[in-house]
Amino acid sequence: MDVVTIFAYDFMVRALLAALFTGFAAPAVGTYLVQRRMALMGDGIGHIAVTGVAVGLLTQQSPVWTAVGVCIVGAVLIEVIRERGRTSGDVALALIFYGGIAGGLLITGLAGGSAQTLENYLFGSITTVSDADVWTVVALAAAVILLAIGFSPQLFAVCQDEEFAKVLGLRVRAYNLATSVMAAVTVTVAMRTVGLLLVSALMVVPVATAQQLTKGFKVTMLLAMLLGAAASVGGVVTSFYFDFAPGATIVLLALAVFVAAWPVGSLLRYRRRLHEPFPAGEVGLPHTAVPEDHDHRHGADCGHQAVLHGNHVDYVHDGHRHAAHADHYDEH
Amino acid sequence: MSDVISITGGNLALAGRPVLRGIDLHVGAGEVVAVLGANGSGKSTLVRGLIGLVPWASGDPRLFGQPLREFRDWRRVGYVPQRVTATSGVPATVAEVVASGRLAHRRLLLPLSRADRLAVRRAISAVELDDKRSDAVGHLSGGQQQRVLIARALATEPDLFVLDEPNAGVDQHNQAGLARTLRPLVASGATALIVLHELGPLGDLIDRVLVLREGRIGYDGRPDRFTEPAAAHDHHHPGGRSDNVPISSSGWTS
């Protein structure tokens with residue numbers, strides 16, 4: 001099979017389109033979640049989405065749309081809990097997550113389906129995406145990407161420092177809720193490609209990879225989006241030729257890129273640490289020469305107590321420490 | 001002309017525990033007020049309450065004459081929080097963090113205007129971090145991160161500065177740097193409310209000192225008695241007065 005073959009199948013063209021848009025949208029929202037240190041929020045919403053899918057099966061509606069609805073309700077609930085309860089927040093979140101999974105299984109049973117029916121959504125089943133599905137996915141993902149980029153100055157400020165954003169007059173709660181809703185929509189959009197159990201990986205792993213190499217927020221976000229799209233499309237193509245599960249392939253590809261980037265990132269960090277205390281062009285750090293005259297050189301037998309200080313020896317002289325520097329002593 | 005900050009008989013409770021009681025405070029335009037007091041006396045809560053970050057139970061708090069609840073002119077307020085908030089989960093450059101100070105001026109969906117860029121550049125220059133503007137804030141030293149937060153408030157070009165312990169963990173050189181940065185702003189009529197542990201190098205900028213004691217204002221008056229080292233300290237600093245410490249030409253150091 002050559003490269004052209006893949007486009008000969010309608011279902012593959014749809015799969016690639018869905019993967020491309022999902023790949024861009026998931027890390028865009030993921031960047032804000034990571035910035036707020038809520039990297040696992042996508043995972044939580046993924047659990048809630050199970051109930052949403054089941055509601056769709058029960059009511060014979062499109063599971064994507066019912067999942068969007070239920071996820072938004074769940075994401076708003078998570079945000080309210082985060083804002084209100086500082087102490088018991090993670091327990092409340094856990095309750096919501098498990099309630100989502102259990103509710104989903106129960107309702108699926110009521111609908112006459114089994115856990116098998118849910119599997120398409122839990123692990124993704126990109127090749128069964130219908131024409132209507134793909135346009136829903138593309139439209140929702142495009143909306144998320146536009147919002148995430150268009151409101152990036154405001155969302156950045158709110159995620160960076162909520163209180164400062166409040167003093168700027170930003171509607172902090174509205175922006176936080178918007179981030180939650182975008183995360184909810186992204187999860188539902190991505191559930192057909194990578195599946196609900198792996199969706200959080202596509203939101204977080206490209207961001208973790210990007211920040212190995214970057215220093216700024218905007219660069220991190222754009223690089224993460226590119227990495228996400230590459231892993232997503234690459235994963236679908238790979239799974240087509242090798243008959244792998246697409247969701248797992250996408251996530252493992254993203255992780256492989258992270259593993260490759262990590263040593264580069266650590267090397268950069270190591271080099272920076274080496275140079276950190278010495279700004280470029282600065283010859284010597286400011287220091288204080290001691291005023292006392294010395295009629296002797298401090299040494300092993302001068303009678304002043306010697307103290308090991310970093311890479312040199314200080315001598316205790318009238319209650320303060322002297323260190324030899326060129327032709328005088330410095331105060332340490 | 002109305003007061004920049006005003007509150008009469010303000011009470012404030014956090015989680016059901018009264019933190020501030022009977023606060024009467026009126027700060028006029030151009031005043032530079034230091035808020036002193038022991039840990040837990042309510043200094044931070046007072047300034048956070050005055051800019052609406054924590055709600056008052058009573059007291060009719062006002063900013064620039066408007067009731068705090070209705071106040072919308074946030075571009076007139078520049079807030080420098082305590083340093084713990086300088087970093088987050090994703091790296092951000094100095095320029096990006098400082099640029100967020102312009103949001104009170106910007107319209108939705110429009111890019112930074114020329115005035116915005118100029119204000120950001122001037123703010124970064126004022127704290128002398130020009131060569132660090134593309135560096136990640138998380139990689140800077142504590143004192144430099146504090147300067148980034150100061151620059152972020154400067155970028156807003158506000159009429160009222162509210163600084164919450166800008167000198168905590170900052171050495172004498174950099175405290176003098178903050179004094180140099182604030183001096184021209186104060187000279188041009190800015191109002192400032194600064195939470196401090198001791199006046200230090202900011203001493204000669206301060207017009208008025210508030211001392212909080214267990215949630216009440218215990219002293220409100222001239223700063224004279226706090227600028228004498230013997231009065232401000234109950235211990236003696238070895239090695240003479242702090243102004244013997246050599247200060248680099250700029251005032252800011254790494």
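The values are calculated or read from the model by the stated rules, or taken from the named source; none is laboratory data. As the structure is a computational prediction, the values presented were derived from the model and not from experiment. As a convention, Cβ positions derive from the backbone with ideal geometry for all residues, glycine included, and neighbour counts pool all protein chains shown. Quick note on the areas: whole protein, heavy atoms, side chains included, nothing else; ligands and nucleic acids left out. Shrake-Rupley method; radii C 1.70, N 1.55, O 1.52, S 1.80 Å.
Here are the numbers for this structure:
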quantity	calculated
Residue pairs meeting the criteria (Cβ under 7 Å; at least 6 apart or on separate chains; first in contact (Cβ under 8 Å) with a residue 24 or more places away in the chain, in the range A:145-157; second polar (S, T, N, Q))	A:Leu155/A:Thr179; A:Phe156/B:Ser100
Some residue of the range B:131-145 being of a type in the set (S, T, N, Q), part of a helix (DSSP H, G or I), at pLDDT below 95 and surrounded by 15 or more Cβ atoms within 10 Å (Cβ to Cβ)	yes
The range B:72-118 - residue that is at the interface with chain A (Cβ under 7 Å from one of its Cβ atoms), among the polar types (S, T, N, Q) and in contact with an Asp or Glu (Cβ under 7 Å, 6 or more places away or on another chain) and, of those, most open to solvent (accessible area, probe 1.4 Å)	B:Thr85
Failed criterion for B:Gly40 (all others in (1) surrounded by fewer than 19 Cβ atoms within 10 Å (Cβ to Cβ); (2) more than 18 Å from B:Ala192 (Cα to Cα); (3) touching a helix residue (DSSP H, G or I) at 6+ places or on another chain (Cβ under 8 Å) hold)	(3)
Among the candidates A:Ala230, A:Ala208, A:Ala165, A:Ala201, residue that is touching a helix residue (DSSP H, G or I) at 6+ places or on another chain (Cβ under 9 Å), free of Cβ contacts under 8 Å to residues at least 60 places away in the same chain and open to solvent by 10 Å² or more (accessible area, probe 1.4 Å)	A:Ala201
The listed residue being of a type outside the set (D, E, K, R), free of Cβ contacts under 8 Å to residues at least 24 places away in the same chain and not in a helix (DSSP H, G or I), out of A:Leu222, A:Leu170, A:Leu196	A:Leu170
Qualifying position, being modelled with pLDDT of 85 or more, within 14 Å of chain B (Cβ to nearest Cβ) and surrounded by 12 or more Cβ atoms within 10 Å (Cβ to Cβ), among A:Leu255, A:Leu268	A:Leu268
Any chance B:Arg152 is touching a residue at least 60 places away in the same chain (Cβ under 8 Å), surrounded by fewer than 22 Cβ atoms within 10 Å (Cβ to Cβ) and within 12 Å of chain A (Cβ to nearest Cβ)	no
Single condition B:Asp24 does not satisfy, out of (1) open to solvent by less than 40 Å² (accessible area, probe 1.4 Å); (2) over 30 Å from B:Arg102 (Cβ atoms); (3) not in a loop (DSSP other than H, G, I, E, B)	(1)
